[in-house]
Every structure is written in structure tokens, then in C-alpha cells.
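This report concerns only the one structure given below.
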Amino acid sequence: MSLDFLLKGQLSFLNNHYEVVAVSGADTHLENVANREGVRTVAIPMQRAIRPFHDMISLWKLYQLFRTEKPQIVHSITPKAGLLSMLAAYFAGVPIRVHTFTGLIFPSKVGSMQKLLIFMDKLLCKCATHVYPEGQGVKNDLVYYKITSKPLKFLANGNINGIDTDYFNSQEVSFNQIQELKNSIGIHTADFVFIFVGRLVTDKGINELVAAFDQLSKIKSNVKLLLVGPKESDLDPLLSSTLETLQSNRSIIEVGFQPDVRSYYAIANAFVFPSYREGFPNVVLQAGAMGLPTIVTDISGCNEIIKNGKNGLVIPVKNEKAILEAMKQMIEDTILRNKLQERIRPIIVSHYSQQFVWDAALEEYEVIVKDIKIN
């Protein structure tokens, strides 16, 4: 899924300059990557959770792959794949081993789990030749927790892939599409719609969001909460009270995972994203490119894109009351909402356009390849 969505278009662009091979688990997402990006793919199963036996098998298969292919560069982007890929590439003698931290898990953990995750990230960095944090917040955490002494820099303005601002454009969604979608999911013309896009898990602040909206719907009429994304009950389950509210509150609409979210953004009035942790969230860029006034939590990535009162609202993390007050402000303060809406898309276009990010990635590859050859 990360290759399919996080790097959409970038692999095809880089394939014009390098021979790119995409490696991940075998599923429809990897098939999509092969068909859309025009790159060769290799399927190697990898578990997101810690599974020592399965992880050793994945590590061995990656090692064999790198020994056979003899790549000049191995570049990983997710936590588990990053650790396994950097270890395998190190032992296989790959000269350039690059990892991009798209987010960090350990700052939100405590005790022995945090220590284990810190050890794993330190080991990953030890095996990598180049480490790139996705945004200033991730960089700050890597420095604060002393994860690595290697130089840290982020490309372009921080995001790993940028945003296709032609694709994520409200003008690309027709009036008929908007009306048909509204009718199909029970949204009326007078409704004020908040939208969340992402995994419906505790880590994304869904418990607080649902509780806050439940209160809001009791004091405000014609308000809806649209949740676009899958639950992950096995990895990060929601509270039972949240699940009960999702069932009982008819103003909350769940539509599950959607491959094209543009029409859902287009029917909304505001975007709300109360996540606990992020690297550099693509959905905030998407919502901004669609011109939605946005509420985010004061965490890495989110607070780099959104500046409180200028192009959105920034609120404390894990704070149900703050979410409620911010949503009320979005509904009631029309002047502020219009100001935020006018400012958000131009900022996304000027700072995070996709080609700008791709060019920066290509330039960095060329620099590190040249450095290796010189040394």
C-alpha cells in the first residue's frame, strides 16, 4: 500500500533515469504498482507487526534478492521494511543504503516497547548509509532520542512524494458527481460536513474525534461526520464506546476505504485530522489541495503544513474538548473559515507540488551516487 499510494508516480519518474525494482508483499497493491509505474516488481512477504520467525524469513529472502540483483541503491520507506531492507542490504554489500523515516512509532510508546523500537531504529540507521527524515518534526525526534549521528536532511519541503495538485483539485469533481454522492450516503444541502480520511484507529485520534462529534451533533443540527478509511481491529482497535457511538449516531457516516477520495473531499466543508503522530501526512496535503479549511493536532508534519489561524486550526493532541471547540469554531466563524479556505490551496501548490519533490529526489540520488564513485 505504501508503494501504491505514498510513492504514486515517483517510481515511474525515477525509472526514466534508473532501473527501478519495487519490492513488497504480494497483493493487488503491488500489481497496481507494476501496471501503473511500469517498473519490475518482486514480492517478498513482510509483516507489519513484530514476528521474529517470519521476519527472519523475510530478511533472508531480501538478502538473497540483493545478492542476486546487486543494486547500486536500496531505498526503504516504512519501519519494518526499513529495518529488514537495511540489514539485508548491509550484509549483501549494497553500496548505497537509504532510508526515509516517514514517521516514528517510539515517541508515542512507553517502557520496554519504546526501548525495543528505539533499538530497532538505531540498528536500522547503523546499517544505512543515508538517513532522511520526512519533515522537521521527525528530524527533531531522531536527534532528541539520539537515534543516529549520521547527517540528517529532508528533501524539498519535507514530504516524501508531494501532491499532484492538478489531480487533487475541486474543479476536477463535477456538480453531478457531488450531488450523486451526497444522495447515495444521505447528506443534505443544508448539512455542514466534517471529513476524516485515513485509518480508523486509536493512533489517528478517532476515539476523541467520535466522542467530540457526538457531543457536537447534540447541540448543532444539520452536521455530519464523514469517515473515509478502514478499521484495523487487529493492530490498533478503537474503544468499545467509540464503536457503539459509530453504530448509534446516525450523523456519522462510514464509507470504508476508497481508492479515489476526491469526491468525498468535495462534498465536505472542513477536514479534521486529530492524529497522535505523523511523519508528513499526505491526507492533509490532499485536503489542502482540495481547498478544505483544516483542523489538525500539534504534531510533526501537521504543524509544518498548517499554521494556526493562517491556513487552518492547530489544536492539542488527545484532547476531545479542543476538537469539539475547533469544530464549533469552523461552523460558527464564517469569516475565519473563508479566510482559511482561501489560503490553504495556494500554499500547498507553491510548497508541495509533486514535480518539485520528484526533482529533489532525483537530484539527491545523483549526488550520493557521485559521492560513492568519488570515494
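The values are calculated or read from the model by the stated rules, or taken from the named source; none is laboratory data. Small disclaimer: the values here were computed from a predicted structure and weren't measured. Here the Cβ is made from the backbone with ideal geometry for all residues, glycine too, and neighbour counts use every protein chain on show. Note: accessible area is taken over every heavy atom of the protein model, side chains too, but ligands, DNA and RNA are not part of it. Shrake-Rupley method; radii C 1.70, N 1.55, O 1.52, S 1.80 Å.
Quick notes
- Taken over region 84-120, the residue count meeting the criterion of being open to solvent by 20 Å² or more (accessible area, probe 1.4 Å) and either in contact (Cβ under 8 Å) with a residue 40 or more places away in the chain or part of a helix (DSSP H, G or I) (or both) is 18.
- Every pair of residues 6+ apart whose Cβ atoms lie under 6 Å, when the first sits in region 53-81 and is at negative phi and of a type in the set (S, T, N, Q) while the second is open to solvent by less than 90 Å² (accessible area, probe 1.4 Å) and assigned to a helix (DSSP H, G or I): 58/84; 76/82; 76/85; 78/2
- Whichever residue in region 1-48 is farther than 18 Å from residue 69 by Cα and among the β-branched types (Val, Ile, Thr) and, among such residues, is farthest from the chain's Cα centre (by Cα): 28
- Test: residue 304 is modelled with pLDDT of 95 or more and not in a loop (DSSP other than H, G, I, E, B): no
- Flag if residue 195 is of a type in the set (A, V, I, L, M, F, W, C), open to solvent by 30 Å² or more (accessible area, probe 1.4 Å) and under 24 Å from residue 272 (Cβ atoms): no
- Tally of residues being farther than 10 Å from residue 320 by Cβ, in contact (Cβ under 8 Å) with a residue 12 or more places away in the chain and either in contact with a Pro (Cβ under 6 Å, 6 or more places away or on another chain) or assigned to a loop (DSSP other than H, G, I, E, B) (or both) across region 204-221: 1
- Among (1) surrounded by 20 or more Cβ atoms within 10 Å (Cβ to Cβ); (2) assigned to a helix (DSSP H, G or I), the one test that residue 224 misses: (2)
- Subset of region 271-314 (residues that are among the acidic types (Asp, Glu) and either open to solvent by less than 10 Å² (accessible area, probe 1.4 Å) or in contact with a Pro (Cβ under 8 Å, 6 or more places away or on another chain) (or both)): 298
- Every residue from region 133-180 that is in contact with a Lys or Arg (Cβ under 9 Å, 6 or more places away or on another chain) and acidic (Asp, Glu): 164, 172
- Flag for residue 148 being at pLDDT 95 or above and either over 17 Å from the mean Cα position of the chain (by Cα) or not hydrophobic (A, V, I, L, M, F, W, C) (or both): yes
- Selection of first residues in region 244-270 that are of a type in the set (Asp, Glu) and of second residues that are assigned to a loop (DSSP other than H, G, I, E, B) and open to solvent by less than 30 Å² (accessible area, probe 1.4 Å), restricted to Cβ pairs under 9 Å at least 6 apart or on distinct chains, gives the following pairs, ordered by first then second residue: 254/229.
- Residue 318 being in contact with a Lys or Arg (Cβ under 8 Å, 6 or more places away or on another chain), among the basic types (Lys, Arg), touching a residue at least 12 places away in the same chain (Cβ under 8 Å) and surrounded by fewer than 20 Cβ atoms within 10 Å (Cβ to Cβ): no
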